[in-house]
């Protein structure tokens, strides 16, 4: 199960943070087809966001074809976003793991690594088309 974390100072709407966290969990394999997402009430209790915020995120995920709402049963993952380069022996994964080991060796904390990664990701993928800028 995914545990949502809402960064109130990020400037990103809470519902989009939920969408992005589900997408990331799908890419990383933490969520897979058939998994049930927490209810809006559970997310509200854990994150202190309005349940309607979670419902808005889940509707967005449903529109993108990643989840299915089953009346009375919950919201379920319908497909994965895990790509072949997520395999343990992929060159991208290996280089990222090497970089993270290097970051840890120079004393960066997990939070600092995440912040650095997010800043670089935001810079590279900030174009309107969503593709990396050269």
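The values are calculated or read from the model by the stated rules, or taken from the named source; none is laboratory data. Source: prediction; values computed, not measured. Neighbour counts run over all protein chains shown; Cβ positions are idealised from the backbone, glycine included.
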field: Scope region 1-40; condition surrounded by fewer than 12 Cβ atoms within 10 Å (Cβ to Cβ) and either closer than 19 Å to residue 116 by Cα or assigned by TED's automatic domain parsing to the domain that holds residue 114 (or both); matching residues
entry: 5, 7, 8, 9, 10, 11, 28
Hits in region 56-100 (condition: within 18 Å of the chain's Cα centre (by Cα), at pLDDT 85 or above, surrounded by 10 or more Cβ atoms within 10 Å (Cβ to Cβ) and closer than 14 Å to residue 33 by Cα): 61, 62, 66, 67, 68, 75, 76, 77, 78, 79
